[in-house]
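Here's the structure, in structure tokens; my notes come after.
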Amino acid sequence: MEGRRQRLIDDVRSAIAVKLTRQDILDTAIHLIDDFSPNFDWSGFYMMDGNQLVVASYIGPETPHTVIPLNSGICGAAASQKRSVVVDDVQSDPRFLACSISTRSEIVVPLMDGDRVLGEIDIDSNTPSFFTDDDRVMLEAVAAIVVTRLKEIGV
Ligand code: SME
């Protein structure tokens, strides 16, 4: 992995290691994630609550989509398919739920505990086709670290 991507993974691991609540872990991680790129224009965690996704921590414009059912949006698709989803052109994807009219591309990475989805990382960019495979791999590593820490504190 490229140096700055590995650095984000390491920074998230060490920063959340000392956090003791779910909210503190998610807030700390999302700040580091959002700082990774000026083209991450909305960065957030949605967490599963029953069979819906509920926004738990985010940086960016206020979103109208604070609760997302699993059959809705790119967020719902990633959680129900249990895999990362990258959309290069959100405006041509009928699943897309707009948080901001300026969004052009999006990545959603589930937080997996074995076969169970705990939540997901969702990032929007105002730049078309912004998210690369390297970003996906990096965010999947970050997601795994966040899951490990959430389980350590018993969430
Ligand atoms: N775009 C997402 C909804 C969440 S907002 O972008 C913050 C979706 O299509 O599920």
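Tabulated data for the structure shown
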read-out: Index of the failed condition, W42 passing every other in (1) near the ligand (Cβ under 8 Å from one of its atoms); (2) buried (at least 22 other Cβ atoms within 10 Å of the Cβ); value: (2)
read-out: Scan of segment 95-133 for residues that are out of contact with any strand residue (DSSP E or B) (no Cβ under 6 Å at 6 or more places or on another chain) and within 12 Å of the ligand (Cβ to nearest atom), ordered by number; value: R95, F96, L97, A98, S100, I101, S102, R104, N126
read-out: Filter result (in contact with a helix residue (DSSP H, G or I) (Cβ under 7 Å, 6 or more places away or on another chain), more than 16 Å from the ligand (Cβ to nearest atom) and in a helix (DSSP H, G or I)) within segment 20-39; value: R22, I25, T28, A29, L32
read-out: Residues located in segment 70-80, provided they are more than 10 Å from the ligand (Cβ to nearest atom) and surrounded by 13 or more Cβ atoms within 10 Å (Cβ to Cβ); value: L70, S80
read-out: Answer from A56, A29 - the residue that is touching a Gly at 6+ places or on another chain (Cβ under 9 Å) and modelled with pLDDT of 95 or more; value: A56
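So that you can scan it fast, the table gives a plain yes or no per residue for (1) of a type in the set (S, T, Y); (2) buried (at least 17 other Cβ atoms within 10 Å of the Cβ):
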{"position": "V85", "(1), (2)": "no, yes"}
{"position": "R104", "(1), (2)": "no, yes"}
{"position": "G114", "(1), (2)": "no, no"}
{"position": "S125", "(1), (2)": "yes, yes"}
{"position": "R149", "(1), (2)": "no, yes"}
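The values are calculated or read from the model by the stated rules, or taken from the named source; none is laboratory data. Not measured: the values here are computed from a predicted model. Please note: Cβ atoms are built from the backbone with ideal geometry, for glycine as well, and neighbour counts cover all protein chains shown.
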